[in-house]
Each structure stands twice: as C-alpha cells, then as structure tokens.
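The values are calculated or read from the model by the stated rules, or taken from the named source; none is laboratory data. Owing to the predicted nature of the structure, the values given are computational and were not obtained by experimental measurement. So basically every Cβ, Gly included, is an ideal-geometry build from the backbone, and we count neighbours across all protein chains shown. What goes into the accessible areas is simple: the full protein's heavy atoms, side chains included, and nothing from ligands, DNA or RNA. Shrake-Rupley method; radii C 1.70, N 1.55, O 1.52, S 1.80 Å.
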Amino acid sequence: PDSKSQVTMLYEKDKPVKVTSVVVSTQHSQDLNQEKVRELILPYIKKSIPENYLTDLKSKEIYINPTGQFIIGGPDGDTGLTGRKIIVDTYGGKGAHGGGAFSGKDPSKVDRSAAYASRHVAKNLVAAGICKEVLVQVSYAIGVAKPTSINVNTYGTSNVTMKDSEISKVVEGIFDMRPAAIETRLKLRNPIYLESASYGHMGRIPEEKELTFYAGDGKKVTKTVETFTWEKLDFVNKIKKEFKI
C-alpha cells in the first residue's frame, strides 16, 4: 500500500496553535470512487489530530486524493532514477531538509523546482539586505498549484522592523511559487540538468551556454540556455522596492 500525508500548522511564538490544512493521498482499489475514499479517510484525520487544533479547519482545506484516483502506487507507479539525497546536493547539515532527491525528477515536481525557487528567494532576500541569514520553506498539496504555506525564518538576523511571518507575506506577493510559474521564471524546461548531475545544485555560478542535444522527436537541436538560474540576484531591486528600503 502507498500513502502519504502532510499537516500544515499555524505557529504563534514557536508554538503550534491550529491546523490550517491536511493532505492525505492514499492508494485504493479500483472499485472505490473518491467520495467513498473521502468518507473512509476523514474519521482517521479527526481521530489523529487533537480537536483543539482543528478549530476553523474548513472542509475545502482537507485534501484527500486531490489528483483523483490513486489505484497504481508503490514501486509500480514511481520507479525510476532518484539520485543522491538532497542533503548531499544542497547545504550539507546546515539547512533543514526534506526527503527525496532532485535528479531524475522533471521540474513539474516541487521536490526539485520549489527547492530551486526557495534558494532563489533566499539569496535575493540576503542580497537585498533584508537579513543576514534565512531559511525559506514552502509546502504543497499534490494537485493544488498554490502552496499551502510559505514560511521565512531569519534566525533573528532581520534588518527590517517586521516579524518573520510578515516578511513571509511580502515574499508571497513578490514570488509566484506555483510550479508552472517557477518553471517559467527559472527556465527549468531547458536541457540544463547535466550540469547539476555532479558537484551539487546550490552555490553554483549561473552562466549562458550553447548546447547541442537531441530532442524527443530525434531531431538535433542547438540552443543557448542559462544554467543555475536560481543563483541569479535578479529580484534584489524588486525586493527593496516592496520592503521600502
């Protein structure tokens, strides 16, 4: 059986106060429709989370199999190259990490694209002078384009008179973190991934390169592409303008 879950919580003064969204994706037999799956799963959600955390949680904020049927799962549904764990390809033990890997996933997978976008946001925030250090966290529900949360932690190094939660709101208005928007902004549909297959994905130098490759239809293509676009400091002026500094 294949299933995964995600709970997004609102924190106040480093303490969780309520749940703002729940995602459950679970494999099921082909004779179950999605209404029945939802009916079966909801009681487990309500039993698993303390009632005081479920205050104000609306039905539309509980995502159960948001992409629809989930009949084929496990190794049958997800086999393929995974590559190194992201802790190796990013910041070592310094940053907070999820699981999974970058290489082997196309940019529609937020495991890859949202990690690049978070790096892009973080670098530009620091370069704009908003803070000296920052962790940018973004979470998603499968099948839902808009992130379920965007969180910024400046570790007390902020140079603006705003709470980290307020900085997060401004960041949300500057950077469109929907997967398709990330793909467009960082030009992730270009053949750039051979460059990132070794020596890590972060801290690299962005540059333009002329590449010759074979497209899916077998035709030979020569194209100039930008590599490591998430390392560019191209949002500094916009950030300064929005934060009025």
Selection within segment 82-107 - open to solvent by less than 50 Å² (accessible area, probe 1.4 Å) and either at pLDDT 85 or above or assigned to a strand (DSSP E or B) (or both):
89, 90, 107
Taking the options 51, 12, 39, name whichever one is more than 27 Å from residue 186 (Cα to Cα) and at pLDDT 95 or above.
39
State which residue pairs qualify: first residue open to solvent by less than 100 Å² (accessible area, probe 1.4 Å) and modelled with pLDDT of 90 or more and inside segment 205-221, second residue of a type outside the set (A, V, I, L, M, F, W, C) and in a loop (DSSP other than H, G, I, E, B) in any location, beta carbons under 8 Å apart, and separation of 6 or more residues or different chains.
206/232
Taking segment 139-182 and keeping residues open to solvent by 30 Å² or more (accessible area, probe 1.4 Å), under 30 Å from residue 207 (Cα atoms) and part of a helix (DSSP H, G or I) leaves 170, 172, 173, 180
Residue in segment 222-245 that is farthest from residue 89 (Cα to Cα), counting only those that are among the hydrophobic types (A, V, I, L, M, F, W, C) and open to solvent by less than 50 Å² (accessible area, probe 1.4 Å)
243
So which residues in segment 108-138 are surrounded by fewer than 23 Cβ atoms within 10 Å (Cβ to Cβ) and in a loop (DSSP other than H, G, I, E, B)?
108, 109, 128, 129, 132, 133, 134
Note on segment 183-198: residues closer than 21 Å to residue 127 by Cα and open to solvent by 30 Å² or more (accessible area, probe 1.4 Å) are 185
